[in-house]
Amino acid sequence: MPSYKILVIDDSAVIRRAIKDMLPADKFEVLEAKDGAEGLQLIRQEHPKLILLDFILPKLNGSEVFQQILIQRFLEKIALVIMSGSKKEVTQKIPEPFKHFGFIEKPFDQKSLMLTIKEAMDKVKFIPPPQRGTDKTTVDAKVATEIPQLNQQIVKMQAEIEKIPKMQAEIELLKKQVAQLVTVLKQKLK
């Protein structure tokens, strides 16, 4: 009887099959989803112990599925391995270090897969439990209030950044004026 339910979310049937073949059938029951939306549905229905998540997916991509897992705190205790052909595409959306999930670069072998699964299982043990009042509704409300504030900060920062070239030109002009003043003062002091 399998002891771990694993969900493989990948749009490639070949990769889903390869992963299934790499995992010992007596330890793992492997569920499969071909896109992010189907994957999220299976996560909620089946409550897997581990998710192997491709980063480039149809419907909902890996980053969007990952964000849903973060928002819905009850899903955080599911071990997660993100799979991608390029680590760079993952780090563009999720900065390193990857504290709460394992990462494996495609293509991979059975040994790498098993090590990454172990790493993800270990990492999920150290995620702090949700604080009281941090259910999905509370998190959504907090995010809804923080997003407008962050957008305002971004607008202010962009306005400040746009001023930089003008300020640099003014600094250069001031440098020239100071140099001219120094020259005049030196001549007067002679």
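The values are calculated or read from the model by the stated rules, or taken from the named source; none is laboratory data. No experiment lies behind these values; they were computed from the predicted model shown. Ideal geometry is used to build each Cβ from the backbone, glycine not excepted, and the neighbour counts take in all protein chains shown.
Points to keep in mind about this one:
- Note on the range 14-39: among residues that are at pLDDT 90 or above, aliphatic (A, V, I, L, M) and surrounded by 20 or more Cβ atoms within 10 Å (Cβ to Cβ), the one that is farthest from the chain's Cα centre (by Cα) is Val30.
- Residue check, Met83 assigned by TED's automatic domain parsing to the domain that holds Asp10, of a type outside the set (D, E, K, R) and closer than 15 Å to Asp10 by Cα: yes
- Subset tally (residues that are closer than 11 Å to Pro48 by Cα and in contact with a Gly (Cβ under 6 Å, 6 or more places away or on another chain)) for the range 4-36: 0
- Scan of the range 3-13 for residues that are among the hydrophobic types (A, V, I, L, M, F, W, C) and within 20 Å of the chain's Cα centre (by Cα), ordered by number: Leu7, Val8, Ile9
- The range 115-149 - residue that is within 20 Å of the chain's Cα centre (by Cα), part of a helix (DSSP H, G or I) and loosely packed, with under 10 Cβ neighbours inside 10 Å and, of those, modelled with the highest pLDDT: Lys125
- All positions within the range 83-97 that are under 15 Å from Val65 (Cβ atoms), of a type outside the set (S, T, N, Q) and outside any helix (DSSP H, G or I): Met83, Lys93, Ile94
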